[in-house]
1. Within the stretch 86-113, how many residues turn out to be open to solvent by less than 70 Å² (accessible area, probe 1.4 Å) and touching a Phe, Trp or Tyr at 6+ places or on another chain (Cβ under 7 Å)?
2. Cβ contacts < 7 Å: first residue more than 13 Å from Ser61 (Cβ to Cβ), restricted to the stretch 79-94; second residue in a helix (DSSP H, G or I) and open to solvent by 50 Å² or more (accessible area, probe 1.4 Å), any location; separation 6+ or different chain. Result?
3. Just name the residue that is least open to solvent (accessible area, probe 1.4 Å) out of those in the stretch 76-85 that are over 22 Å from Trp170 (Cα atoms) and not hydrophobic (A, V, I, L, M, F, W, C).
4. What are the residue pairs meeting all of these: first residue in the stretch 46-71, first residue of a type in the set (Phe, Trp, Tyr), second residue in a loop (DSSP other than H, G, I, E, B), Cβ atoms under 9 Å, and 6 or more apart or on different chains?
5. Among the candidates Gly73, Gly46, single out the residue that is open to solvent by less than 70 Å² (accessible area, probe 1.4 Å), under 20 Å from Arg164 (Cβ atoms) and either at pLDDT below 95 or of a type outside the set (A, V, I, L, M, F, W, C) (or both).
6. Please go through the stretch 132-147 and give me each residue that is in contact (Cβ under 8 Å) with a residue 40 or more places away in the chain and open to solvent by 50 Å² or more (accessible area, probe 1.4 Å), ordered by number.
7. Step by step: first the residues of the stretch 134-165, then only those that are part of a loop (DSSP other than H, G, I, E, B) and polar (S, T, N, Q), then the one that is modelled with the lowest pLDDT. Which residue is that?
Amino acid sequence: MNAASSVFSIRLYAKKHPKLSITCVLLLLSWLSVPAYAQALSMINGDAKKTLSINDLRQKSDITQTVFDPYQGREVEMRGLEFRRFLIDQFGDVPPALRFTAWDDYEVTLGGWHDPNWLLVTEEDGKPLSLRSRGPLRLVEQAYDDQRDVEKLREFNDWIWMIRSIEAKW
């Protein structure tokens with residue numbers, strides 16, 4: 001369904017249910033505005049804030065890795081950037097900790113990002129990540145040991161979805 005057919009459907013519904021017309025218009029506007037905002041990543045280092053284009057990050061993605069995604073229960077081809085190298089490019093070094101903010105306002109601060117095993121994912125199975133597919137950026141491990149039980153999703157709770165901003169914590 002495209003935006004034009006969505007507007008037409010909402011108009012028909014609003015005529016039959018006039019009390020809901022304002023709600024429908026607000027829902028449509030919020031639905032149409034989300035992708036426009038989800039096209040950038042904010043990088044924060046103290047008082048300095050830089051915005052990176054998601055499209056630029058996709059173009060710079062140079063690693064393609066097939067990873068078993070326990071949340072989908074299948075092998076997925078992921079493409080992205082080595083996260084450690086990305087941090088060095090952005091901050092000059094790997095900060096001791098990072099604060100991540102997601103598009104759903106989830107926030108977490110985690111350390112230990114020197115491991116080159118982490119991948120900042122921009123595409124999955126050849127398609128750009130969107131908010132609906134837990135994007136536009138996702139942080140996952142490229143590989144993990146056989147000791148980890150893929151049936152226990154809590155063992156993958158460091159994977160971060162829908163990344164909106166990354167803040168260095170020195």
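The values are calculated or read from the model by the stated rules, or taken from the named source; none is laboratory data. The model shown is predicted, which means the values in this text are computed figures rather than measured ones. Using ideal geometry, Cβ is built from the backbone for each residue, glycine included, and neighbour counts are taken over all protein chains shown. Each accessible area value is taken on the protein alone, full model and side chains, heavy atoms only, with ligands, DNA and RNA left out. Shrake-Rupley method; radii C 1.70, N 1.55, O 1.52, S 1.80 Å.
1. Final tally of qualifying residues: 7.
2. Val94/Arg84; Val94/Ile88
3. Gly80
4. Phe68/Tyr144; Phe68/Val150; Tyr71/Arg134; Tyr71/Trp159; Tyr71/Trp161
5. Values: Gly73 fails: under 20 Å from Arg164 (Cβ atoms).
The conditions single out Gly46.
6. Residue satisfying the conditions is Ala143 alone.
7. Taking the stretch 134-165 first, the residues part of a loop (DSSP other than H, G, I, E, B) are 134-137, 142-152, 157-159, 161-162.
Still in the running and polar (S, T, N, Q): 142, 147, 157.
Working: Gln142: 82, Gln147: 63, Asn157: 58.
Applying the filter and picking the extreme gives Asn157.
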